[in-house]
Amino acid sequence: MFATAKAQIIKLLKMKKIALNLLSLAVATTLFVGCSTDTLTEENSSLNATATVFEGQDIQQNQLVGTWMIESMTSNIAVDLDANGSSSVDLLTETTCFDGMYFDFNAEGIVETEQGRISVLEDRVECDGSGVYTAGYEVSGNTLSVTAEINGQTVTLTKTIGLSSDASGEYLHVAIEDYEVEQIVSDPGNTVASDIERIEIVYKKQ
């Protein structure tokens, strides 16, 4: 569903099972108990990226209500994550670590999401865990805001989203930019994933 969905949603989102792993709407997530105010500020800034090409859309909350399952996850360059000798920009064919990602928005302003993350090692890719998170949400224009309580603080994260449709269904679009990619791809450098600068995630309404 979105995060989520470099988010869904994301070190901050994965810190604890509380409402923030959403916006990774992409995206991803790794919340740990004991986040400092500096960490929250840093993660909030990271999630404020301009994510999609759907500027100017006036998305209404009722358009989001429902369950959105991950449909595609596309990187800006072809990579060979499964080390089978064939590279692809379709990350869902390269790893199963993101297969269960979804967003479930209800009409009362609550969203639930499952987000995943991978670690890229020299000779292989490993799933680095996934989690289910819930939070409050609201949408204004094409900006999705997610609000949660973390360590007694109310934290609101925002992400640009987009909606589209065709004969086969409705789609939620989220993009993860270069400085966010590390939130869903743990990469020590000089690996097959090191040159990924953008990941576009599409979720399909069920």
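List of remarks:
- Cross-chain or 6+ apart pairs with Cβ under 7 Å, segment 192-204 first and surrounded by fewer than 16 Cβ atoms within 10 Å (Cβ to Cβ), then part of a strand (DSSP E or B): ASP195/ILE77; GLU197/ASN76
- For segment 70-111, a residue qualifies if it is under 26 Å from GLN60 (Cα atoms) and buried (at least 21 other Cβ atoms within 10 Å of the Cβ), and the qualifying residues are ILE70, MET73, MET101, TYR102, PHE103, PHE105, VAL111.
- Filtered residue count, segment 119-139, keeping only those that are modelled with pLDDT of 80 or more, closer than 22 Å to THR67 by Cβ and not hydrophobic (A, V, I, L, M, F, W, C): 5
The values are calculated or read from the model by the stated rules, or taken from the named source; none is laboratory data. Please read all numbers here as calculations on a predicted model, not as lab measurements. All Cβ positions, even for glycine, are placed from backbone atoms using ideal geometry, and neighbour counts span all protein chains on display.
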